[in-house]
Every structure is written in structure tokens, then in C-alpha cells.
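Worksheet for the structure shown next.
The values are calculated or read from the model by the stated rules, or taken from the named source; none is laboratory data. These numbers were taken from a predicted model, which means no experiment stands behind them. Positions of Cβ are generated from backbone atoms using ideal geometry, with glycine treated the same way; all protein chains shown enter the neighbour counts. When the accessible area is computed, the model is the full protein with side chains, heavy atoms only, and any ligands, DNA or RNA have been set aside. Shrake-Rupley method; radii C 1.70, N 1.55, O 1.52, S 1.80 Å.
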Amino acid sequence: QVQLVESGGGLVQPGGSLRLSCAASGMSFPINTMGWYRQAPGKARELVASITRGGSTNYVDSVKGRFTISRDNAKNTEYLLMGNLKPEDTAIYYCYVQRNVVSTYWGQGTQVTVSS
């Protein structure tokens, strides 16, 4: 049974930091790409960051220089370190893992709120 368990969300002041984690279990095959989407109220879902098994990363322009995605392949776990957080980063963050082209799994979502 494939499971993705997210943690690390919460309330933080502008300029603060949070680290999200996403642990995948029940995977029978190596994971290709891992990453994070977010969805803010009234906004479309947005791909925030992704990382391949080989470590190649991509970020949406608005978080470049502030967020860092990483992964621990041995643990099938991915992380999103979010620094210099801004109110516009407020959203529900969803992790995903892509086992292959046709198999993608999603976490339950974790709320990140950036507010004074």
C-alpha cells in the first residue's frame, strides 16, 4: 500500500523558515521524480519544486533563492526547506512522488501559513 505522509507545516512569521517532509512507503520500484505543489485560496495549483532521482532540481520563479528541495533516496523521503517566507507563500502544500510516467502518488497536504 503506497503512502505519502507529510509533516512540517504550520504558522510562521514573515521572514521565517519551515521545513516540510514527505515520506513515501510501500513503493515497489525506485522513485523517479519527487516534488511539491501548493494551492493557495482562490488560486490554481502550482508546481513549487521538483527533484529527480539524480538530483536535478526545478523551482517556480517566485521561490528561487528561498526554497530548497532535497531527497533521501534510501528513505524515500523528500524535503522542502522554505526560507524567507512571505505571506504569498501561504497555501496547502502537497508532496508527490512519481514512480514512473504513469504512476504518481500524492500526500495529504500540509498547511503553511505565513502571517504576523
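Computed with every protein chain present, the accessible area of residue 60 is close to 30 Å² [probe 1.4 Å]. Database remark: amide H of residue 48 closer than 5 angstrom to the amide H of 36, 37, 38 (H placed geometrically; neighbours at sequence offset of 5 or more, or on other chains; Pro and chain starts carry no H). Near residue 18, once Lys and Arg are set to +1 and Asp and Glu to -1 for all other residues with Cβ below 15 Å from its Cβ, the sum equals 0.
The 1.4 Å probe gives accessible areas that order 72, 89, 61, largest first, as 61, 72, 89.
Tally Lys and Arg at +1 and Asp and Glu at -1 over the other residues with C-beta under 13 Å from the C-beta of residue 40: what net charge comes out? Don't skip to the answer; put the middle values down first.
Details: positive: 38, 43, 45, 86; negative: 46, 88, 89.
Charge balance in the 13 Å sphere: +1.
To the nearest 10, the accessible area of residue 92 is 60 Å² with a 1.4 Å probe. Under 5 Å from the amide H of residue 90 lie the amide H atoms of 114, each residue being 5 or more positions distant or on a separate chain, with H modelled from the backbone and absent for Pro and chain starts.
Mind telling me which of 41, 87, 30 comes out most flexible in a GNM of the chain, alpha-carbon contacts under 10 Å? It is 41.
Close amide H pairs (under 5 Å, H built 1.01 Å from N) link residue 67 with 83, residues at least 5 positions away or on another chain. Among 24, 91, 74, the residue with the largest mean-square fluctuation in a Gaussian network model of the chain, with springs joining Cα atoms closer than 10 Å, is 74. Which residue, 35, 26, 83, has the most motion in a Gaussian network model of the chain that connects Cα atoms within less than 10 Å? Evaluated over the chain, the most mobile residue of the options is 26. Computed with a 1.4 Å probe over protein heavy atoms only, the accessible area of residue 17 comes to about 70 Å².
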